[in-house]
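Let me begin by presenting the structure, written as structure tokens, before commenting on it.
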Amino acid sequence: MRDVAVVSFAQAPTSSTPVSDTEAQMLFPVVAEAMERSGLRRDEIGFTCSGSADYLAGQSFAFVGNLEVTGAWPPISESHVEMDGAWALYEAWVHLQSGHVDSALVFGSGISSRGDLREVLCLQNDPYYLMPLWADHVSLAALQARAVLDATGKGERDLAEIAARCRRSAVANPFAQRFADVTADDLLAEPYAVAPLRTGDCPPVSDGAAAVVLVAGDRAREVCEHPAWIRGLDHRIEPHYPGLRDLTVSESTRLAGEAAGVGDRPIDVAELSSSFSHEELLLRAALGLGDAVDVNPSGGPLAANPVMATGLTRIGEAARQIHDGHATRTLGHATSGPCLQQNLVCVLEGDRS
Amino acid sequence: MAERCAVVGVGQTHHTKVRDDVSLAGLLREAAGRALEDAEMTWSDIDAVVIGTAPDTFEGVMMPELYLADALGASGKPMLRVHTAGSVGGSTAIVASNLITGGVRKRVLTVAFEKQSEGDTTWALGGGRSGSVGAGGYFAPHIRGYIDRSKAPEYVGWMVAVKDRKNALLNPYAHLKVPDISLEMVKESPMVWDPVRRLESCPASDGACAMVLTDEAGGDAASKPAAWLHGTAMRSELGQFPGRDPISPKAGQDCAADVYRQAGITDPINDVDMVECYVPFSWYEPMWMENLGFAALGDGWKLTEDGETEIGGKLPVNCSGGVLSSNPIGASGMLRFAEAAMQVRGTAGEHQVPDVRTAVGHAYGGAAQYFAMWVLRTEKP
């Protein structure tokens, strides 16, 4: 495959946006920052791809408004996925593989605070048989959490330990929304959201955006001191109905991780889209990540969960670890759909010194 | 160098007002199954699935790829969902082709759809707010602007409508069929959005379209003729700003110039044997003829008037009956791309243009600001 690197990353604060702001207004400084850090001019960007969801914005064609941030004049080569920005990154990476363009701007964004996320995400379910049950994403996650606890012998304290660790890590992340020096005991005192998940095991409702710039070949080394090279990138989906899956494993993550070569060499840092604490158990197992791997040093989605940008933020955070010289091999993960239905894995590596 | 890409399978549903005999999944599966059958493949032969549809609000299902994964045999595979407004069917096919040309996958199934009967498109087009003028209301002033600028006679729009509706009679999958169509009928049909009359407008359809794309080895191995990809392009521009020309948008011109450059097309009217372009209202035929470089600015309508865009003319346009005859919005772009493939492969049946060597597929969307095109040929690049 052609060598492509993440050369810059920027993200927006994830507290809720003023109701007077558009999604484009939230995106604008983020895209501008990612561009500035890349050192590339706008006219050097060969392809632009974004990810967002009309239903979060509560408006059809919401992404058309986001085109404003690209300054699409003269016209640009551009595309959009109705998916997390991580899949926009995938589309851009694929485009770069064909060799027609050498750089790409990717962004993802969403304002979850304007609607009722638990109601909105119900609309992802099979419209004929599942959606009418109004089984929201928290309830479905709780179903999976129960299955995981039953299968592994782990308990609610194990979940609370994960959530508390994420919350503590997030103290150092200026973009985190929920951070505190808490213990598992603190979180076990919180009420259930949907048993066995307590409120601390569930992500906050976040607004946010993320942007990255991809550059192919040696040009990446010219614009970035420590380019984060994409060494493996793959994504897989599995059956929609939770009842058709073994909820105690994440088969699509395993397949994507294998295809991305996760196990070829040790991973230093993994940023996982584990928006519920039990999902970290599932994803660690599916990706074969041992205790030595630093998982979600940013705090992960339990600290800030800007839906449609959460996955791209993970890849950006994983890249940042390499940009800053803190790690040599990292992993970013994105997910979509109820109970981790669809998963993307991106393996990044720095140049060997 | 990029891997070569071939279209080896094409399938579509019979497009109609209401497909209440199938679910959304059933509709897509029908088109996808036909494309696989045409490609002489089964679901397990496919490496990746790329789907496209217009806004989720049209059917009320958020990110429907999640629910559709099972029906499209995508379990354990990569699945992407593209959304670029009305051009989405074309963009979706391009994203699928990039998976091949980038050397990432070998056999890709791509499907685009709309089931307009499950929602209220005009409501959703208005951003989910009341008072939408619909697409026709939005584009009518642009059409009026074109007529004023080009001094085209009023009957040119009627001629496009008659031609596309006659072509639709040759296409078993077309939705709207008006057997006794005539200039008089179009002229007498009610004015919907001045200057667009009812018979100059597209219907609201349920339908889906699918294609199977392969790498060079797959194209070589296919027992039926393959359509070889010679270029793809997408262009987007802002929808509103002072000085923008919405009648012949620069994004459309740039998109055409890019795809012609890739395919080595220097004289479009002579180098291209047929074009299937996105004409939801009759006047967009002459408008796109100019925008895509088939005629000089202001002269596009003369191709229509001279009958050159009919089957048998110099540049047959929309031999399938076009969007004017079938408009499952999310699929409409892919139907254009698929018709180009069928014409190159010689599988277009009664609406086949003889000896097509080079065909162009085109789609547009948003405020005439999103464009997608591809060029297919009988020969490899």
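The values are calculated or read from the model by the stated rules, or taken from the named source; none is laboratory data. Because the structure is a prediction, the values reported are computed rather than measured. All Cβ positions, even for glycine, are placed from backbone atoms using ideal geometry, and neighbour counts span all protein chains on display.
Structure notes:
- For A:Ala318, the stated conditions hold: it is buried (at least 24 other Cβ atoms within 10 Å of the Cβ) and aliphatic (A, V, I, L, M).
Table: residues versus (1) in contact with a helix residue (DSSP H, G or I) (Cβ under 9 Å, 6 or more places away or on another chain); (2) polar (S, T, N, Q); (3) more than 28 Å from A:Ala164 (Cα to Cα).
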residue: A:Asp185; (1), (2), (3): yes, no, no
residue: A:Ala210; (1), (2), (3): yes, no, no
residue: A:Asp234; (1), (2), (3): yes, no, yes
residue: A:His240; (1), (2), (3): yes, no, yes
residue: A:Val249; (1), (2), (3): yes, no, no
residue: A:Ser273; (1), (2), (3): yes, yes, no
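- Reported count of residues in segment B:102-159, each being assigned to a loop (DSSP other than H, G, I, E, B) and farther than 25 Å from B:Ala208 by Cα, is 12.
- Scoring B:Tyr67 on the criteria (1) at pLDDT below 95; (2) buried (at least 24 other Cβ atoms within 10 Å of the Cβ) leaves a single failure, condition (1).
- Scope segment B:198-253; condition more than 14 Å from every other protein chain (Cβ to nearest Cβ), buried (at least 24 other Cβ atoms within 10 Å of the Cβ), farther than 30 Å from B:Asp148 by Cα and touching a Leu at 6+ places or on another chain (Cβ under 9 Å); matching residues: B:Ser205, B:Asp206, B:Gly207, B:Ala208, B:Cys209, B:Ala210, B:Met211, B:Val212, B:Ala227
- Boolean, B:Arg107 is away from chain A (no Cβ under 11 Å), in contact with a helix residue (DSSP H, G or I) (Cβ under 8 Å, 6 or more places away or on another chain) and over 28 Å from B:Leu176 (Cα atoms): yes
- Number of positions in segment A:144-177 that are touching a Ser or Thr at 6+ places or on another chain (Cβ under 6 Å) and polar (S, T, N, Q): 2
- In this structure, B:Gly26 does not qualify as assigned to a loop (DSSP other than H, G, I, E, B) and either within 9 Å of chain A (Cβ to nearest Cβ) or closer than 22 Å to A:Gln124 by Cα (or both).
- Residue check for A:His226: within 12 Å of another protein chain (Cβ to nearest Cβ) and either hydrophobic (A, V, I, L, M, F, W, C) or part of a loop (DSSP other than H, G, I, E, B) (or both): no
- Residue satisfying condition, being within 12 Å of chain B (Cβ to nearest Cβ) and in a helix (DSSP H, G or I), within set A:Leu233, A:Leu255: A:Leu255
- Among all residues of segment B:201-214, there is at least one that is over 18 Å from the mean Cα position of the chain (by Cα) and outside any loop (DSSP other than H, G, I, E, B).
- Test: residue in segment A:135-154 that is away from chain B (no Cβ under 14 Å), in a loop (DSSP other than H, G, I, E, B) and of a type outside the set (Asp, Glu): yes
- Total residues in segment B:59-95, condition assigned to a loop (DSSP other than H, G, I, E, B) and facing chain A (nearest Cβ under 7 Å): 12
- Any hit, segment A:289-302, residues being within 14 Å of another protein chain (Cβ to nearest Cβ) and under 13 Å from the mean Cα position of the chain (by Cα): no
- The residue that is surrounded by the most Cβ atoms within 10 Å (Cβ to Cβ), among those in segment A:159-190 that are of a type in the set (Lys, Arg) and assigned to a helix (DSSP H, G or I), is A:Arg167.
- Of all residues in segment A:240-252, those satisfying the criterion of being within 14 Å of another protein chain (Cβ to nearest Cβ), touching a residue at least 40 places away in the same chain (Cβ under 8 Å) and part of a loop (DSSP other than H, G, I, E, B) are A:His240, A:Tyr241, A:Arg245, A:Ser250.
- Failed condition for B:Asn98, given (1) within 7 Å of chain A (Cβ to nearest Cβ); (2) more than 26 Å from B:Thr122 (Cα to Cα); (3) out of contact with any Ser or Thr (no Cβ under 7 Å at 6 or more places or on another chain): (3)
- Checked against (1) surrounded by fewer than 21 Cβ atoms within 10 Å (Cβ to Cβ); (2) under 20 Å from A:Gly337 (Cβ atoms); (3) out of contact with any Asp or Glu (no Cβ under 6 Å at 6 or more places or on another chain), B:Ser75 meets all criteria but (3).
- Residue match in segment B:270-289 (condition: more than 17 Å from B:Trp158 (Cα to Cα), touching a strand residue (DSSP E or B) at 6+ places or on another chain (Cβ under 6 Å), modelled with pLDDT of 95 or more and polar (S, T, N, Q)): no
- Subset of segment A:49-61 [more than 8 Å from chain B (Cβ to nearest Cβ) and either surrounded by fewer than 24 Cβ atoms within 10 Å (Cβ to Cβ) or over 18 Å from the mean Cα position of the chain (by Cα) (or both)]: A:Ala57
- Candidates are the residues of segment B:290-347 that are among the β-branched types (Val, Ile, Thr) and surrounded by fewer than 24 Cβ atoms within 10 Å (Cβ to Cβ); the one that is nearest to B:Leu169 (Cα to Cα) is B:Ile311.
- Lone qualifier among A:Thr253, A:Thr248, A:Thr335, A:Thr313 - being more than 23 Å from B:Ala74 (Cβ to Cβ) and of a type in the set (Ser, Thr, Tyr): A:Thr313
- Qualifying residue in segment B:255-276 (condition: in a strand (DSSP E or B), within 14 Å of chain A (Cβ to nearest Cβ) and of a type outside the set (Phe, Trp, Tyr)): no
- Qualifying residue in segment B:356-379 (condition: charged (D, E, K, R), part of a helix (DSSP H, G or I), away from chain A (no Cβ under 14 Å) and more than 16 Å from B:Ala233 (Cα to Cα)): no
- Restricting attention to segment A:71-88, the residues being more than 7 Å from chain B (Cβ to nearest Cβ) and either over 24 Å from the mean Cα position of the chain (by Cα) or under 27 Å from B:Gln253 (Cα atoms) (or both) number 2.
- Each residue in segment A:191-223 was checked for being without any contact (Cβ under 8 Å) to a residue 60 or more places away in the chain, in contact with a Lys or Arg (Cβ under 9 Å, 6 or more places away or on another chain) and in a strand (DSSP E or B), and 1 of them qualify.
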